[in-house]
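All remarks here apply to the structure that follows.
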Amino acid sequence: MKRRQFLQSTAATGALLSLGGLSLSFAERKTKQITILHTNDVHSHIEAFGPDHNRNPGMGGVARRATLIEQIRRENPNTLLLDAGDIFQGTPFFNFYGGELEFKLMSRLKYDAATIGNHDFDNGIEGLYAQLPHADFEFISSNYDFTNTIMDGHVLPHKVFTKDGIKIGVFGLGIELQGLVNAHLYKETKYLDPIEIATDMARILKEEKKCDLVICLSHLGYDYRSNKISDVKLAQATKDIDLIIGGHTHTFLEKPEIQTNAAGKQVLINQVGCYGLYLGRIDFFMDSEKNVSANGVSITV
């Protein structure tokens, strides 16, 4: 995707969002740009869909995603690439290689971090652990307690990245596994309340780590008709989160949605469907007084 095309797509969505409010135009101040690229629920879709596919003809595929990511990184080197879980399960590639190919390709694409989805336990916690040597990126999960499991010590509760002097804190949340995944697959992994954990993680990253941006990689799901915790409920119940990158429900959003958090400020939520059909892009702009604005779009792969 060429830069001109991206700007046209962004203008069409009208997705310029103000976080915290701006009093002057960016042209009047020196600004820094941080680009967040993201995927979710790729489900082992390595190759593009065939030209005769009834729903997604010719779409997706790691090769096309790699080309897009490389073009965007050339445009803005201050880019993070993140995934919101369910990397595994969905094609024979997973059945045959057990996740090795997925992690190797993500490493070649230079993903910075991913969180863990429920299907990432489909070969058991031992199967997930066995593939970790093939992942040259961090796994971040804040509300899965892996004490007394083989994954203990191999997953971070949060991580801080620095791009162009801007500190970006990332934490991760997973969906409740009980009733969704067979207990023998996740063993003694404990699920912790995502609202409580998110509140604590966001506070640590914003106040203690002095992060300029806080991102939640969520595999909770976008929204539900029930009281089940979702990205929308998470955004409304917490503060200090700037962006929630979602997964699990395969929800496609053309642009980030805006929710109001517990402190009355705006928080963005985005999710880009499934199977690697789309690449999410969100650009944050920060001026010299650390006022923040953002725009976002979902790019067809």
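Residue order for Cys274, Cys216, fewest other beta carbons within 10 angstrom first, comes to Cys274, Cys216.
Distance from the C-alpha centroid of the stretch 146-160 to that of the stretch 235-256: 23 Å, rounded to the whole angstrom.
Please name whichever of Gln71, Thr189, His134 sits farthest to the positive end of the charge dipole of the chain, dipole taken about the Cα centre and charges placed at Cβ: Lys and Arg +1, Asp and Glu -1. Checking the options against the dipole of the chain, the answer is Gln71.
Given Cα pairs under 8 Å that are at least 6 residues apart, what percent is the relative contact order of the stretch 29-300?
On the way: 652 pairs, mean separation 58.2, N = 272.
That works out to 21 percent.
The GluC sites (Glu not before Pro) of the stretch 153-247 that DSSP puts in a loop, and whose beta carbon has at most 15 other beta carbons within 10 Å, are Glu188. Here the simple spin-label model places points 7 Å from the Cα toward Cβ, and for Ala262 and Glu126 these points are separated by 4.1 nm. Pairs over the 29 Å Cα-Cα cut-off, from the set Lys190/Lys255; Lys104/Lys290; Lys110/Lys265; Lys206/Lys233; Lys167/Lys233; Lys104/Lys209: Lys190/Lys255; Lys104/Lys290; Lys110/Lys265; Lys104/Lys209. Full extension of the chain between Phe96 and Lys30 gives 18.7 nm of extra length, using 0.36 nm per residue less the Cα-Cα distance. Dividing the helix sum by the residues of the chain, where each DSSP H run of 4 or more adds -39500 (n - 2.57), gives a mean residue ellipticity at 222 nm of -6500 deg cm²/dmol. Going toward the positive end of the dipole of the chain, with +1 on Lys and Arg Cβ and -1 on Asp and Glu Cβ, which of Gly58, Gly179, Ala84 do you reach last? Toward the positive end, the furthest listed residue is Gly58. What is the distance in Å between the Cα centroid of the stretch 74-111 and that of the stretch 183-199? About 23 Å separates the Cα centre of the stretch 74-111 from the one of the stretch 183-199. Each Lys and Arg contributes +1 and each Asp and Glu -1, all at the Cβ; summed about the Cα centre of the stretch 211-260, the dipole is approximately 280 debye. Is the stretch 224-301 best put as rounded, prolate or oblate by its Cα gyration tensor, with a ≥ b ≥ c the root eigenvalues, rounded for a/c under 1.5, and otherwise prolate when a/b is larger than b/c, oblate when not? Oblate is the answer for the stretch 224-301, as a/c is 1.5 or above yet b/c matches or exceeds a/b.
Under the simplified labelling scheme, the Lys190-Asp164 pair shows an inter-label distance of 4.2 nm, with each label point 7 Å from Cα along Cα→Cβ. Label sites at His53 and Glu176, each approximated as a point 7 angstrom past Cα along Cα to Cβ, lie 3.3 nm apart. About its Cα centre, the dipole of the chain is roughly 1060 debye, where the only charges are +1 on Lys and Arg Cβ and -1 on Asp and Glu Cβ. Which helices, counted as full DSSP H runs in the chain, have an axial Cα extent of no less than 24 Å and a Kyte-Doolittle average of 0.5 or above? Helix filter hits for the chain: none. Answer rounded, prolate or oblate for the chain, using the Cα gyration tensor with square roots of eigenvalues a ≥ b ≥ c: rounded when a/c is under 1.5, else prolate when a/b is larger than b/c, else oblate. In terms of gyration-tensor shape, oblate.
Annotation: the antiparallel percentage among DSSP beta bridges lying fully within the chain is about 60.
Here, each number is a calculation from the coordinates, and none is a lab measurement. Keep in mind that what you see is a predicted model, and the values were worked out from it rather than measured. Glycine gets a Cβ as well: all are built from the backbone with ideal geometry, and neighbour counts include every protein chain shown.
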